[in-house]
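Trainee: Pasting a structure below so you can have a look.
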Amino acid sequence: MKSATIYHNPRCSKSRNTLKILNENNININEVRYLENPPSKSELAELCELMKVKPFDIIRTGEALFSELGLTKKDSRSDDEWLDILAANPKLIERPIVRIEDKAVMGRPPENVLDIL
């Protein structure tokens, strides 16, 4: 049986729907509620690498905290700086992120998870 780690917020409908797809496909699930147990900077870097995205691509720019921190979409920060921001402010991490072995995907839409099953 395959195992997956899902970084999610159970209050989010996309997270709940992604979790449902994993359950329907009999995947063993390690559920990480990232607001309670945030991933480390190195975990975030690894997830970005597996998804082939930049750290900025997994930031919730519409979140009020984004502008409260004085951040903008035009900021010219390095990937390392964005990872620091994400690690310190897990509320800014887009969700859900699902990892299965050496693959990861953003569950937006939830059906994206089917690509790595």
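Trainee: Can you compute the helix-only [θ] at 222 nm over the chain? Use -39500 (n - 2.57) per DSSP H run of at least 4 residues, normalise by all residues, nearest 500 deg cm²/dmol. The partial results should precede the final answer.
Mentor: Working: 4 runs with 38 residues, N = 117.
Result for the chain: -9500 deg cm²/dmol, rounded to the nearest 500.
Trainee: Same structure again: Would you pull out the residues with amide H under 5 Å of Ile59's amide H, same chain only if 5 or more places away, H placed 1.01 Å from N?
Mentor: Residues meeting the amide H criterion: Glu94.
Trainee: By average Cβ neighbour count within 10 Å, what is the ranking of 2-14, 66-78, 95-107 from highest down?
Mentor: Sorting 2-14, 66-78, 95-107 by mean packing, highest first, produces 95-107, 2-14, 66-78.
Trainee: Using a simple charge model, +1 on the beta-carbon of Lys and Arg, -1 on the beta-carbon of Asp and Glu, nothing else, what dipole does the stretch 1-116 show about its Cα centre, in debye to the nearest 20? List each step's numbers first, then the result.
Mentor: Numbers: 18 positive and 19 negative charges, 89 e Å.
Computed about the Cα centre, the dipole is about 420 debye.
Trainee: Here's a follow-up. Can you compute the modelled spin-label distance between Ser67 and Glu111, with each label point 7 Å from Cα toward Cβ, in nm?
Mentor: 3.3
Trainee: While we're here: Compute the long axis of helix 41-51 from its Cα atoms, compare it with the longest principal axis of the Cα atoms of the chain, and write down the angle in degrees, 0 to 90, nearest 10.
Mentor: The answer is roughly 60 degrees.
Trainee: Sticking with this one: Just the accessible area per residue of the chain, please: how many Å² with a 1.4 Å probe?
Mentor: Details: 6590 Å² over 117 residues.
Here the per-residue accessible area is 56 Å².
Trainee: Toward the positive end of the charge dipole of the stretch 1-81, about the Cα centre and with charges on Cβ (Lys, Arg +1; Asp, Glu -1), which of Ser40, Thr72, Leu22 goes farthest?
Mentor: Leu22
Trainee: Right, here's the next one. Lysine pairs in the stretch 12-104 with Cα distance under 25 Å, only those 8 or more apart or on different chains: how many are there?
Mentor: So the count of such lysine pairs works out to 26.
Trainee: Can you say what percent of the DSSP beta bridges in the stretch 1-106, counting only those with both residues inside, are antiparallel? Round to 5.
Mentor: Numbers: 8 of 14 bridges.
Percentage antiparallel, nearest 5: 55.
Trainee: Related question: Once R0 is set to 30 Å, what does the formula 1/(1 + (r/R0)^6) return for the Cβ-Cβ distance between Asp75 and Asn37, expressed as a FRET efficiency to the nearest 0.05?
Mentor: Working: r = 27 Å, r/R0 = 0.90.
Rounded to the nearest 0.05, the efficiency is 0.65.
Trainee: Within 14 Å, Cβ to Cβ, of Ser3, how many net charges do the neighbouring residues add up to if Lys/Arg are +1 and Asp/Glu are -1? Don't skip to the answer; put the middle values down first.
Mentor: Numbers: positive: Lys2, Arg99, Lys103; negative: Glu31, Glu101, Asp102.
The answer is 0.
Trainee: So what's the angle, to the nearest 10 degrees on a 0 to 90 scale, between helix 79-88 and the longest Cα principal axis of the chain?
Mentor: With both axes taken from Cα atoms, the answer is about 70 degrees.
Trainee: Percent of accessible area on the chain owned by carbon and sulfur, 1.4 Å probe?
Mentor: Values: 2860 of 6590 Å².
In the chain, the share of accessible area belonging to carbon and sulfur is 43 percent.
Trainee: Same structure, new question: Quick one: plug the Kirkwood hydrodynamic radius of the chain (C-alpha pairs) into Stokes-Einstein at 20 °C, 1.002 mPa s, and report D in µm²/s.
Mentor: Values: Rh = 14.4 Å.
So the translational diffusion coefficient is about 149 µm²/s.
The values are calculated or read from the model by the stated rules, or taken from the named source; none is laboratory data. Nothing here was measured: the structure is a model prediction, and the numbers come from that model. Virtual Cβ from ideal backbone geometry, glycine too; neighbours counted across all protein chains shown. Side chains included, ligands, DNA and RNA excluded: accessible areas come from the protein's heavy atoms. Shrake-Rupley method; radii C 1.70, N 1.55, O 1.52, S 1.80 Å.
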